[in-house]
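*Asks:* Pasting in a structure now, in structure tokens, and then I'll have a few things to ask.
A short reminder: the numbers here are calculations on the coordinates, not readings from a lab. Fair warning: this is a prediction, and the values are worked out from it, not measured in the lab. Here Cβ is always computed from backbone atoms with ideal geometry, including for glycine, and neighbour counts include all displayed protein chains.
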Amino acid sequence: MNFVLMVMLRIKSENVDRFMAEVLANGREARKEPGCRQFEVLVDPADRTKVVLFEVYDDEKAFEAHQQTPHFKKYLADAVPLLASRERQVFTRVEIPR
């Protein structure tokens, strides 16, 4: 089973472009991590201030390693202050039998 994180974000409207640059840089680097299976940035087509991050890691240990990387720490310092709200939900992915 994988460790799955969904993060629902609301960006302050004046910060959308700055935030997107930061989150895409973080995602690009996260995808290079050995324990990261998927990192997607989803934007509401009707409202650019609503974004969902969909992240899949091998396990919780891989996600914890992600949180220790320089690019994640930069994202926290530079991007999170641009947000109006941030809500994280953790899931485990269950394999569907064939």
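*Asks:* Among the residues of segment 8-29, which ones are touching an Asp or Glu at 6+ places or on another chain (Cβ under 7 Å) and not charged (D, E, K, R)?
*Replies:* Hit for segment 8-29 is MET8, nothing else.
*Asks:* Picking from GLU87, GLU64, GLU55, which residue would you name as being acidic (Asp, Glu) and either closer than 18 Å to ASP17 by Cβ or not in a strand (DSSP E or B) (or both)?
*Replies:* GLU64
*Asks:* Just checking, does segment 84-92 include any residue being touching a Ser or Thr at 6+ places or on another chain (Cβ under 9 Å) and farther than 22 Å from MET1 by Cα?
*Replies:* Checking segment 84-92: at least one residue is touching a Ser or Thr at 6+ places or on another chain (Cβ under 9 Å) and farther than 22 Å from MET1 by Cα.
*Asks:* Looking only at segment 52-89, count how many residues are within 21 Å of ARG10 (Cα to Cα), surrounded by 14 or more Cβ atoms within 10 Å (Cβ to Cβ) and among the polar types (S, T, N, Q).
*Replies:* The number of residues fulfilling the criteria is 0.
*Asks:* While we're here: Given the conditions (1) touching an Asp or Glu at 6+ places or on another chain (Cβ under 9 Å); (2) buried (at least 16 other Cβ atoms within 10 Å of the Cβ); (3) assigned to a strand (DSSP E or B), which single one is not true for THR49?
*Replies:* Only one criterion in (1) touching an Asp or Glu at 6+ places or on another chain (Cβ under 9 Å); (2) buried (at least 16 other Cβ atoms within 10 Å of the Cβ); (3) assigned to a strand (DSSP E or B) is unmet by THR49, namely (1).
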